[in-house]
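Structure first, commentary second.
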Amino acid sequence: MMDQPEQARRHFELAERVLAARVADKPEAGNVVAAHAVALAGVGRADEAKAAIRRSFELYPVNKDRWIATWRVYDQAVIEMMSGSSAAAVATLSGLMDRQTDVISPAILASSPVFAPLRGRGDFQALLAEHH
């Protein structure tokens, strides 16, 4: 959908509404809060998205489940990127790459359309080179 921004926006708007209702029903559900955070970033509500992803970490602390925590860090990087904080996104991805995980790899970073907005950045290219 990267090449179809209007369609992507409509999908994010729908997702945001659905997930907002789910968060209202279960505000303690960290995974739902994290998904809502991504949807908020997708509709341009960056501050709310960043607050929601922080809340998801509070609801499901990193030391509780490393696998889930890894996905929350991934979500954080996506939210930072979508919110225009590209340097922060690259820094977050760098920290994620230092973990033993199947969530992210140099190949995923280099090929996934999710990270296409970062590919022209020197720091992103350096991250790929460092971990290849």
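Coordinate-derived values only; no laboratory data. All figures in this text were calculated on a predicted structure; none of them were measured in a lab. All Cβ positions, even for glycine, are placed from backbone atoms using ideal geometry, and neighbour counts span all protein chains on display.
Here are some notes:
- Among the residues making up region 98-123, those that are hydrophobic (A, V, I, L, M, F, W, C) and under 25 Å from Arg66 (Cβ atoms) are Val103, Ile104, Ala107, Ile108, Leu109, Ala110, Val114, Phe115, Leu118.
- Taken over region 84-97, the criterion of being over 16 Å from Thr70 (Cβ atoms) and more than 13 Å from the chain's Cα centre (by Cα) is satisfied by Ala87 alone.
- Condition broken by Ala87, with the remaining ones in (1) among the small types (Gly, Ala, Ser); (2) surrounded by fewer than 20 Cβ atoms within 10 Å (Cβ to Cβ); (3) under 23 Å from Leu14 (Cβ atoms) satisfied: (3)
- Glu28 being in contact with a helix residue (DSSP H, G or I) (Cβ under 7 Å, 6 or more places away or on another chain) and surrounded by fewer than 16 Cβ atoms within 10 Å (Cβ to Cβ): yes
- Counted residues, region 110-129 - those being touching a residue at least 12 places away in the same chain (Cβ under 8 Å) and surrounded by 11 or more Cβ atoms within 10 Å (Cβ to Cβ): 11
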